[in-house]
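Each remark here refers to the structure printed beneath this line.
Any read-out appearing in this document is the output of simple, stated calculations on the displayed coordinates, not a laboratory observation. None of these values were measured; they are calculated from a predicted model. Cβ coordinates were reconstructed from backbone atoms using ideal geometry, including for glycine residues, and neighbour counts include every protein chain displayed.
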There are 2 protein chains.
Amino acid sequence: MTGTLYGVGVGPGDPGLLTLKGRDVLLRAAAVFVPAPGEGKPSLAMGIVREAGLGGLDFRPLVFPMSRDEKVLAASWDAAAARVCDVLRDGKDAAFITLGDPGVYSTFSYLAAAVRRRLQGVRIETVPGVTTMNLAAALVNRPLVEGDERLCLLPLPEDLGELGALARSFDTLVLYKIGPRLREAVEALTRLGLARSSSFVGRAGLPDQIVAPELGDIPGDAAGYLSALIVRTGRTA
Amino acid sequence: MTGTLYGVGVGPGDPGLLTLKGRDVLLRAAAVFVPAPGEGKPSLAMGIVREAGLGGLDFRPLVFPMSRDEKVLAASWDAAAARVCDVLRDGKDAAFITLGDPGVYSTFSYLAAAVRRRLQGVRIETVPGVTTMNLAAALVNRPLVEGDERLCLLPLPEDLGELGALARSFDTLVLYKIGPRLREAVEALTRLGLARSSSFVGRAGLPDQIVAPELGDIPGDAAGYLSALIVRTGRTA
């Protein structure tokens, strides 16, 4: 009997947003694999789990090279899968933690696919988590969608002119992966007349979070991890 | 000092998906208000909280009339707010529970607005929750969005022909509020060539959940509460 691989979403930064099931699965797992940004660099997801009172787990960092070369990436996922499969073949359960939810812009699906290729019929279960947009909306005290409203979620588009068309079709736009383009995005929203009904949250849930219910004086470098722009378009008004 | 009103998302059906913070807030609240579908009818959200081991809370059902008349609805929200404010004025905290997340198609924003009108400067905090789409994607073992993909979330449109245009612009469509139109929706997706890459989950997280990774023999009446169609469009393929 091989063990089960669990993909656990630890939520968007606030350790209190880990779910009861997520906590229980992590406590039972023989090993907790952690995507690490680089050798010796701290993992945000691991920090959240530690803050949630689970510092004693057997954390095992998986370091992935900073590369866009698909062959390099595939090889590193395969190497990670080999380490995970060593645990599963011993009949023990393994967990892989992701920020937010494993189904929303996470890397769990790549790991799961690589594990499936090595270990046919392996049991894989996803434990969903709270996502950044849900916490961001909570922090600015505004709903994401009500009644018949429509929402779209996307990485900040290359062509910011697209935001105008999206605003005509959706009541709420949620923009992730803003990175160094926050200032540029705010300028585009201002030109479209949408800045006043937009909010920004950066490093949601972390002690140094930035909560801007209105886009005013946001530092240009505020959009690191766990960041979102939420645009209420007033489409139906 | 008036108390704080907490809007707590209890997640999409599986009691294990309540967050640690949600549980703690509910345990500390003097009263837990529950939207009830009708006099004497059980509340799904309350059932989830009870299953999570919190059966001893002081649950107080708020019954809202089945009406689309805005005046009738406003009066019932105001009456509900009056009951909540009685607790807050005593300096005690109150909670209002919603399925999923309070910011996603919930009624918490209406209650919060009515409470704010009665009690200026009142402290209101939202505790986000896991949403149905995150659990549905986990149950069918597919990510919602990866890499640069785009997602839209909307109630099943009146005009199902709209789905074709949305599928050209988004990698994932998530359709809520399907109700009695599940069969009709599956037929429309079939005509658009999207049925094979679509999944359906009904009553997500509940003991009698329906998980259909491919749209086959789904009972036509399967789409009650906590239901979603997830359409992967293959737009970028």
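Given Cβ point charges of +1 (Lys, Arg) and -1 (Asp, Glu) and nothing else, what value in debye, to the nearest 20, does the dipole of chain B about its Cα centre take?
480 debye
Top mean-square fluctuation among A:Asp86, A:Asp208, A:Asp101, Gaussian network model of chain A, C-alpha springs under 10 Å?
For chain A, modelled as a Gaussian network with Cα springs under 10 Å, the answer is A:Asp208.
Suppose the chain between A:Met66 and A:Gln120 were pulled fully straight at 0.36 nm per residue; how much longer would it get relative to their current alpha carbon spacing?
16.5 nm
Would you please classify the overall shape of the range A:4-127 from the alpha carbon gyration tensor, given that a ≥ b ≥ c denote the square roots of the eigenvalues, rounded means a/c under 1.5, and beyond that prolate means a/b larger than b/c while oblate covers the rest?
Since a/c reaches 1.5 but b/c is at least a/b, the shape of the range A:4-127 is classed as oblate.
Would you tally the net charge around A:Ala223, using a Cβ to Cβ cut-off of less than 12 Å, leaving A:Ala223 out, and scoring K and R as +1, D and E as -1?
Net local charge, A:Ala223 excluded: +2.
Determine the shielding of peptide A:161-174 by partner chains: average, over its residues, the number of Cβ atoms on other chains within 10 angstrom of each Cβ.
For this peptide, the per-residue mean of nearby foreign Cβ atoms is 1.
Taking the range A:1-86, which GluC sites (Glu not before Pro) meet the DSSP loop condition and have no more than 11 other C-beta atoms within 10 Å?
Loop-located and lightly packed - A:Glu39.
Looking down the axis that turns B into A, which residue of B has the closest beta carbon, and how many Å out?
In chain B, the Cβ lying nearest the symmetry axis toward A is B:Cys152, 2.
In nm, what does the list of distances from B:Gly164 to its counterparts in the other copies look like, shortest first, when each label sits 7 Å along Cα to Cβ?
For B:Gly164, the other copies' label points sit at 2.7 nm, shortest first.
What lysines does B:Lys177 reach when the alpha-carbon gap must be under 21 Å and sequence neighbours fewer than 8 apart in one chain are set aside?
Here the lysines satisfying the reach criterion relative to B:Lys177 are B:Lys41.
Nearest 20 debye, what's the magnitude of the dipole of the protein assembly as shown about its Cα centre given +1 on Lys and Arg Cβ and -1 on Asp and Glu Cβ?
300 debye
What value, in deg cm²/dmol to 500, does the helix sum -39500 (n - 2.57) over DSSP H runs of n ≥ 4 give at 222 nm once divided by the residues of the protein assembly as shown?
Mean residue ellipticity at 222 nm (helix-derived): -9500 deg cm²/dmol.
Please order B:Lys92, A:Lys71, A:Lys21 by the number of other Cβ within 10 Å, starting at the fewest.
By the 10 Å Cβ count, ascending: A:Lys71, B:Lys92, A:Lys21.
Quick one: among B:Gly22, B:Gly13, B:Gly121, which has the greatest mean-square fluctuation in a GNM of chain B with alpha-carbon springs under 10 angstrom?
The residue with the greatest mean-square fluctuation here is B:Gly121.
Please arrange A:Ile178, A:Ile218, B:Ile48 by how many other C-beta atoms lie within 10 Å of their C-beta, fewest to most.
Fewest-to-most ranking of A:Ile178, A:Ile218, B:Ile48: A:Ile218, A:Ile178, B:Ile48.
Which ordering of A:Glu149, A:Glu125 is given by a fewest-first count of other beta-carbon atoms within 10 Å?
Ordered by Cβ neighbours within 10 Å, fewest first: A:Glu125, A:Glu149.
What size of dipole, in debye to the nearest 20, comes out for the range A:132-232 about its Cα centre when the only charges are +1 on Lys and Arg C-beta atoms and -1 on Asp and Glu C-beta atoms?
For this selection, approximately 40 debye.
How big is the convex hull of the Cα atoms of chain A, per residue, in Å³?
Value for chain A: 141 Å³ per residue.
Note the full-extension length gain between B:Ala79 and B:Arg28 as 0.36 nm times their separation in residues minus their Cα-Cα distance, in nm to one decimal.
Difference between extended and current length: 16.0 nm.
Please give the average number of partner chain Cβ atoms lying within 10 Å of the Cβ of each residue in B:94-105, rounded to a whole number.
The mean count of partner-chain Cβ atoms within 10 Å per residue comes to 4.
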